[in-house]
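S.K.: Sending over a structure as structure tokens; questions will come in a sec.
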Amino acid sequence: MPDALRDDVYQRPLSTALERLGIGPGWKCVDVGAGGGDVSVALAEIVGHDGRVYAVDSDPRARDEVASAAAAFSQVLAITQAGEDLLLPEAVDLAFCRFLLVHVVDPAVVLRRMRGAVRPGGWVVVQEPITSAGRVGGVALSMPEARHPDVGALLPALVRDAGLAIADAWAEAPAGVGPGPVTAYLASLTGVDPGDDPVVLPPLVTVVGRVPQPAPAGR
Ligand SMILES: C[S@@+](CC[C@H](N)C(=O)[O-])C[C@H]1O[C@@H](n2cnc3c(N)ncnc32)[C@H](O)[C@@H]1O
């Protein structure tokens with residue numbers, strides 16, 4: 001996966017989501033399905049050295065990739081663990097995933113584990129695509145290797161059913177025609193150059209969920 005390129009073309013929804021939270025120095029986060037660590041590094045830059053970012057991935061190779069991408073950030077801790085087994089040494093303020101639930105066996109199981117990793121009042125942010133809503137020259141895209149290529153379309157319900165309050169939800173799709181980052185991204189993913197065909201990449205659905213606070217005593 002061309003992580004750096006993905007981070008570039010899907011940078012806008014990531015920035016919007018993080019701004020929406022008011023995340024800042026000292027926050028503790030987990031990036032589940034961290035891959036090459038692009039999001040983990042973006043989080044580390046925001047939370048600073050007083051914060052912590054757990055970069056979790058089930059593939060042991062990701063640990064080395066994250067270690068090299070985040071070499072300058074001692075606050076990033078790379079862990080080999082499946083999202084289904086997510087267990088951290090402390091409760092975090094934010095559990096994040098992007099392009100993860102498309103690949104897991106049961107997205108609901110992973111979302112429940114993410115919720116369980118977050119302190120009361122903390123955040124779960126999920127960004128997943130609706131692959132078939134992407135278009136090249138007007139023709140729908142597909143992702144045969146993914147288990148749930150259109151999981152983005154189900155995301156609000158999945159987040160709610162994991163016991164989270166939905167604070168915000170939206171979809172964004174980078175689009176372009178001719179040479180540029182969108183066309184380059186598609187070519188790198190599929191191996192096919194779309195030439196002069198217009199490209200709308202799969203919309204990324206973002207859902208910002210919040211872990212409910214316990215009711216005040218005496219109520
Ligand atoms: C497409 S990459 C996304 C990387 C990163 N989140 C991003 O957006 O740049 C998906 C990552 O999820 C990991 N993954 C797949 N299934 C997983 C699971 N059940 N638990 C944890 N990680 C998983 C893969 O190893 C891979 O690194």
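S.K.: All but one of (1) crowded, with 22+ Cβ neighbours inside 10 Å; (2) under 20 Å from Ala167 (Cα atoms); (3) away from the ligand (no atom under 13 Å from the Cβ) hold for Gly24; which doesn't?
M.R.: Going through the list (1) crowded, with 22+ Cβ neighbours inside 10 Å; (2) under 20 Å from Ala167 (Cα atoms); (3) away from the ligand (no atom under 13 Å from the Cβ), Gly24 breaks only (1).
S.K.: Could you say whether any residue in the range 39-49 is more than 29 Å from Pro202 (Cα to Cα), crowded, with 21+ Cβ neighbours inside 10 Å, more than 12 Å from the ligand (Cβ to nearest atom) and modelled with pLDDT of 95 or more? Outline the logic, then answer.
M.R.: If we filter the range 39-49 for residues that are more than 29 Å from Pro202 (Cα to Cα), which is where we start, we get 47-49.
Add one more test, that the residue is crowded, with 21+ Cβ neighbours inside 10 Å, and what stays is 47.
Then keep just the ones that are more than 12 Å from the ligand (Cβ to nearest atom); that gives 47.
If we keep only those that are modelled with pLDDT of 95 or more too, we end up with 47.
Yes - at least one qualifying residue is present in the range 39-49.
S.K.: Could you tell me whether Ala187 is surrounded by 15 or more Cβ atoms within 10 Å (Cβ to Cβ), assigned to a helix (DSSP H, G or I) and without any contact (Cβ under 8 Å) to a residue 24 or more places away in the chain? Walk me through how you get there before you give the answer.
M.R.: Numbers: surrounded by 15 or more Cβ atoms within 10 Å (Cβ to Cβ): yes; assigned to a helix (DSSP H, G or I): yes; without any contact (Cβ under 8 Å) to a residue 24 or more places away in the chain: yes.
Spelling it out, Ala187 is indeed surrounded by 15 or more Cβ atoms within 10 Å (Cβ to Cβ), assigned to a helix (DSSP H, G or I) and without any contact (Cβ under 8 Å) to a residue 24 or more places away in the chain.
S.K.: Determine the pairs where a residue that is on the phi < 0 side of the Ramachandran plot and in contact (Cβ under 8 Å) with a residue 12 or more places away in the chain, located within the range 131-157, has a partner that is assigned to a loop (DSSP other than H, G, I, E, B) and of a type in the set (Ser, Thr, Tyr) with Cβ atoms under 7 Å apart, the partner being 6 or more residues away or on another chain.
M.R.: Partner pairs satisfying both residue conditions: Thr131/Ser142; Ser132/Ser142; Pro149/Ser142.
S.K.: Would you confirm whether any residue within the range 2-17 is near the ligand (Cβ under 9 Å from one of its atoms), of a type in the set (Lys, Arg) and within 15 Å of the chain's Cα centre (by Cα)?
M.R.: Checked the range 2-17: at least one residue is near the ligand (Cβ under 9 Å from one of its atoms), of a type in the set (Lys, Arg) and within 15 Å of the chain's Cα centre (by Cα).
S.K.: Of the residues Val92, Val110, which single one is of a type in the set (Val, Ile, Thr), within 7 Å of the ligand (Cβ to nearest atom) and either at pLDDT 95 or above or closer than 30 Å to Ala157 by Cα (or both)? Please lay out each step first, then the result.
M.R.: Details: Val92 fails: within 7 Å of the ligand (Cβ to nearest atom).
Val110 is the lone residue from the list that is of a type in the set (Val, Ile, Thr), within 7 Å of the ligand (Cβ to nearest atom) and either at pLDDT 95 or above or closer than 30 Å to Ala157 by Cα (or both).
S.K.: Kindly evaluate Arg210 against the criterion of being basic (Lys, Arg) and either surrounded by fewer than 18 Cβ atoms within 10 Å (Cβ to Cβ) or more than 21 Å from Gly116 (Cβ to Cβ) (or both).
M.R.: Details: basic (Lys, Arg): yes; either surrounded by fewer than 18 Cβ atoms within 10 Å (Cβ to Cβ) or more than 21 Å from Gly116 (Cβ to Cβ) (or both): no.
Judged against the criteria, Arg210 is not a match.
S.K.: OK, next. Quick one: count up the residues across the range 108-146 that are within 18 Å of the chain's Cα centre (by Cα), surrounded by fewer than 18 Cβ atoms within 10 Å (Cβ to Cβ) and small (Gly, Ala, Ser).
M.R.: Adding up the residues that qualify gives 3.
The values are calculated or read from the model by the stated rules, or taken from the named source; none is laboratory data. Just so you know, these numbers come straight off a predicted model, no measurement behind them. Note that each Cβ is placed from the backbone with ideal geometry, even for glycine, and that neighbours are counted across all protein chains shown.
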